[in-house]
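Below is one structure; the comments refer to it alone.
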Amino acid sequence: KSILWSAAQSCDTDPAQSDDLTIRGGVRGQASKDELTKICKDRCEVIRTIVADTPASAVTKVGLYDRANLDHDFASPQGLVALLGDSAHPQTPFLGQGCNMALSDAFAVCTRLGANNKDPQKFSVQAALACMDSPTRKKFSKYVVQEARKISLLSTSPSYYGGVIMRMFMKVAPTKMIFPRVDNENRNFVNVALTECGHQPLRP
């Protein structure tokens, strides 16, 4: 039986990095496991056992980052190049929205590009990429990054009581209470593209 696990904590310094992008530029091996073992020495037996039983070759230490400037443009001035997904709005994984937003970005842009043969002017490359800089998408992208940042701070808080409250909330809170705006905004963003191109919008 295998277990997929992760551990996170706040850090005042950048972690060691590598050029291996398959592990997000992290460092894998015995040194990473030894450091984690030391961090978890006062944790419960279950956590200590999981760390101890995990091969060093499967333990990777990697930094999680978002972007300081959340107000930059996603499309180039000429409108021929645009940032989508994590390149546009990198975020910590604590809200679980990186992939969802990347897929929404790609779908909205590609749907418009796919309609180019219907109306080359209306669905030009510039017009298709311009959706990334729409006020609603930029405002929502900033919101998600900031919310993920808040949850990351709560999740890695050294406060015992803060940790208990956070775990209880995530355990009992319904999904619709945590992610309603995220789901609705991504759906709306995609539906605008579908409607513009003459397709049926997605239903809630």
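The values are calculated or read from the model by the stated rules, or taken from the named source; none is laboratory data. None of these values were measured; they are calculated from a predicted model. Here the Cβ positions follow ideal geometry from the backbone for every residue, glycine too, while neighbour counts run over all protein chains shown. Note: areas computed on protein heavy atoms with side chains; ligands, DNA, RNA excluded. Shrake-Rupley method; radii C 1.70, N 1.55, O 1.52, S 1.80 Å.
Tabulated values for the structure
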| read-out | value |
| --- | --- |
| The stretch 3-98, Cα convex hull volume normalised per residue, Å³ | 141 Å³ |
| Mean separation of Cα contacts under 8 Å, 6 or more apart, over the residue count of the stretch 1-128: relative contact order % | 18 percent |
| Karplus 3J(HN,Hα) series, Hz, for the stretch 186-202 with 6.51 cos²θ - 1.76 cosθ + 1.60 (x for Gly, Pro) | 5, 5, 4, 4, 5, 5, 4, 5, 4, 5, 4, 9, x, 9, 6, x, 6 |
| Binned Cα-Cα distances of the stretch 47-161, short to long, each 10 Å bin given as a whole percent | 12, 33, 26, 16, 9, 3, 0 |
| Proximal charge balance of Asn100 [Cβ under 11 Å; K/R count +1, D/E count -1] | -2 |
| Helix-only [θ]222 nm of the chain, DSSP H runs n ≥ 4, -39500 (n - 2.57) each, per residue, nearest 500 | -15000 deg cm²/dmol |
| Dipole of the stretch 87-198 [Lys/Arg +1, Asp/Glu -1 at C-beta], most positive-end residue of Ala173, Cys131, Pro93 | Ala173 |
| Cα-based Rg and Dmax for the stretch 129-204, where Dmax is the largest Cα-Cα distance (Å) | 16.6, 53 |
| Restraint check, Lys41/Lys61; Lys41/Lys142; Lys1/Lys33; Lys1/Lys41, Cα-Cα greater than 29 Å | Lys41/Lys142 |
| Estimated FRET transfer efficiency when R0 is 45 angstrom, pair Thr195-Lys41 (beta carbons, to 0.05) | 0.20 |
| Charge context of Phe123, other residues only, Cβ under 10 angstrom, K/R +1, D/E -1 | +1 |
| For the stretch 36-147, accessible area per residue (1.4 Å probe, heavy atoms of protein chains only), Å² | 56 Å² |
| Around Pro15: net Lys/Arg minus Asp/Glu count, Cβ-Cβ under 15 Å | -1 |
| Computed P(r) (all Cα pairs; the chain; 10 Å bins; percent) | 7, 27, 29, 21, 12, 4, 0 |
| Segment Leu113-Val81, length gained on full extension (0.36 nm per residue, minus Cα span) | 10.2 nm |
| Residue-wise HN-Hα coupling along the stretch 93-98, computed from phi with Karplus coefficients 6.51, -1.76, 1.60 (Hz; x: Gly, Pro) | x, 6, 9, x, 10, x |
